[in-house]
Amino acid sequence: MKIKKNFFKLFLFLNIIINIINASDNVKLSNCGQARAEPTFKQSENGGQCQLPPPTVGTAALSLSAFNGGARCGQCYELTGPLGKTVVMVTDGCNSGEACAQKDLFNFVISNKDFDKIGNSSSYTNIYSLGYQEVSCGFLGNIKVKFGGSLGQNGRVDYSYYFTVSFSNFNIGIKQVQILGSGMVSYMKLKRSLGGFTWNQESGGSKLQFPATLVLTGVDGQIISYKFRQPPANIAIDMKKQFIPQDGLLSKFNQSEICGMGNVPEYIYDDSLTFGWIVSNSWRFNLFNLSSQDTDDNPALGENVIRMELAGNGGLAFTREGGFQTKYLESLSIMIKVVPPTNSLQCFFGASGIYVIPGPLGEDWQEVSIPISVLKPQTIEYSLSFYNNQGQAITMWIDNIKWIFSPEAPPTPVIVTDTTITPPPVQSILTAAAGLNSIGITSNKGGIANLVEGSSNDDDGTNGGTGGTGGGTNKVGKRIDGEDGENFMGGETGFAYYNDDNSSNTLLFSSTITVSFLLLSFTMVFLLF
């Protein structure tokens, strides 16, 4: 009997440890996508538009459409560039320049320090084929909550008609927040205001009274409830709760998959240069026209082609800032004609190469396919050049420069503007307002937590919602009589606020590393057996 009891204790203890480790890791929450990054010397001040305290990871400002009015405040992303990876948290929106205004893809503005973890800010100022993926932030500790309201006639903060709440240190982005105050017949959704959430009393509606319950829904559909008495204003309070990536989410996205850089667009040139490509590094040419209409009415061509008069040993170079991965490139296809005909036109990645395009290339348009393998690519390349390897000058026309991808190329779009998942809608919540009711949480077969009606008016709230198939029982809403609580504001009247589990508002753990918890678990095993 004692052995069984010890096994049960050990099981519970290890389960807590696993949850802590999951919370402190950067768990993948989305598919891989393609974005753009640029460095900046100036970091967001005072928490940016999101008004978030400085995190333990880097920070980022997002292009306006991606920032979406603050909907992504506090979300973390793992960015992949030519030199490595880094994790940043969204704290601001960027509003200056075309990159911030465009709606085609995410644009991350990050510090030079973070940029240099994935690229080289001294060599280029953009990474156009950035890989990115939403991840959990991996913060230690719990979610912090801060409350605000209007200033009452007595000079104190009054939450009755206007109530604001903001959160920090959350590991998964917050999709929505709801509140149920004493006397309210149903939960009310708070309006997002950049990094915070706001409630206003509607005409004829109930004013906010305490105790009250907040319900947070993560972008993954996970739900956290938090009960509290009238709180102090503008003080960060430990909620004793944290979003922890759930098993369903861990299996949905391959946690062992390594996201590389984003794929290059299919075309380098098709009537015009595609986004991220430049030709300013070309050399020894007499004439260069990016929009020549010398198409000879060839139906295989568009309206414009590139015309370039290359001197002897001159070259046309297409450069992509921040580089591009070559892993899924199978061949390069071009339409080309050359006058006078030549057998000396080379094609290569980087600064030099030896591959000669089979010729002769003459005055009639022809399609040429170049296997990528003959160009001996590096994992990451930065440029593609066509080189006139002879002393005689030539005029070259070129169009439809495009990559052919291998069958193993990811089936995701070339540009992914939103890789996040859309959770199912939260069920409406109805509960009796009298007394201190417990609001249960249940897991359904799909592993997504849904709110259900609480079934207990008992003082200790022990009959909270029960776990469905695959879910465990969760009891929340224990009642405490905290009428004589500490006077946190130093005023004449003391008050208390509390957590669902009747615990004090202290940090769950300090800045210790995960190894400490593993060592502690082994110690527990030793003591039990």
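The values are calculated or read from the model by the stated rules, or taken from the named source; none is laboratory data. In this text the structure is predicted, and so the values were computed from the model without any measurement. Because the Cβ atoms are built from the backbone with ideal geometry, glycine has one as well, and the counts that use them run over all protein chains shown. All accessible areas refer to the heavy atoms of the entire protein, side chains included, with ligands and DNA or RNA removed. Shrake-Rupley method; radii C 1.70, N 1.55, O 1.52, S 1.80 Å.
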### Task
Multiply the residue separation of residue 235 and residue 95 by 0.36 nm, subtract the distance between their alpha-carbon atoms, and state the gained length in nm to one decimal.
47.4 nm
### Query
Label point 7 Å out from residue 390 along Cα-to-Cβ: which residues of segment 331-351 have amide N under 13 Å?
338-346
### Task
Report, by chain and number, residues whose modeled amide H sits under 5 Å from the one on residue 135, excluding near sequence neighbours (fewer than 5 apart, same chain).
29, 76, 77, 78
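State the extension gain, in nm to one decimal, for the chain segment bounded by residue 104 and residue 207, taking 0.36 nm per residue of separation less the distance between their alpha-carbons.
Values: separation 103, 0.36 × 103 = 37.08 nm, distance 4.33 nm.
Extra length from residue 104 to residue 207 when fully extended: 32.8 nm.
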### Message
Please list, in order, the residues from segment 164-206 whose amide nitrogen is less than 17 Å from a point placed 7 Å along the Cα→Cβ vector of residue 153.
### Response
none
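Kindly flag which residue pairs out of 241/327; 42/327; 85/227; 113/227; 103/402; 117/191 have an alpha-carbon separation exceeding 32 Å in this structure. Spell out each step's value before the answer.
Numbers: 241/327 42 Å; 42/327 35 Å; 85/227 39 Å; 113/227 40 Å; 103/402 24 Å; 117/191 37 Å.
Checking Cα-Cα distances, 241/327; 42/327; 85/227; 113/227; 117/191 exceed 32 Å.
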#### Entry: Cβ-based charge dipole, segment 154-299, positive-most Cα from 244, 180, 277
180
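Between residue 367 and residue 327, 0.36 nm times their residue separation minus their Cα-Cα distance comes to what? Each step should come with its number before you reach the end.
On the way: separation 40, 0.36 × 40 = 14.40 nm, distance 2.37 nm.
In short, 12.0 nm is gained.
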#### Entry: Label zone at residue 186 (point 7 Å along Cα-to-Cβ), backbone N below 15 Å, segment 195-237
202, 205-206
### Query
With every protein chain kept in the model, how would you rank 266, 303, 134, 321 by accessible area, 1.4 Å probe, largest at the top?
303, 266, 321, 134
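Among 121-133, 290-302, what's the highest-first ranking by average C-beta atoms within 10 angstrom per residue?
Numbers: 121-133: 21.4, 290-302: 12.8.
By packing density, highest mean first, the sequence is 121-133, 290-302.
State to the nearest 20 debye the size of the charge dipole of segment 63-131 about its Cα centre, where the only charges are +1 on K and R beta carbons and -1 on D and E beta carbons.
Values: 5 positive and 6 negative charges, 22 e Å.
So the dipole magnitude of segment 63-131 works out to roughly 100 debye.
Quickly rank 352-364, 52-64 as a protection proxy: mean count of other C-beta atoms within 10 Å, highest first. List each step's numbers first, then the result.
Details: 352-364: 13.7, 52-64: 20.4.
Taking the mean over residues of other Cβ atoms within 10 Å, the ranking is 52-64, 352-364.
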### Message
Just to be sure I understand the model, the point goes 7 Å from the Cα along the line to the Cβ. What's the resulting residue 112 to residue 68 distance in nm?
### Response
3.3 nm
### Task
Could you list which residues have their amide H under 5 Å from that of residue 331, counting only those 5 or more apart in sequence or on another chain, with H placed in the peptide plane?
372, 404
### Task
Please list the non-local residues whose amide H lies under 5 Å from the amide H of residue 119, H modeled 1.01 Å from N, same-chain partners needing a gap of 5 or more.
83
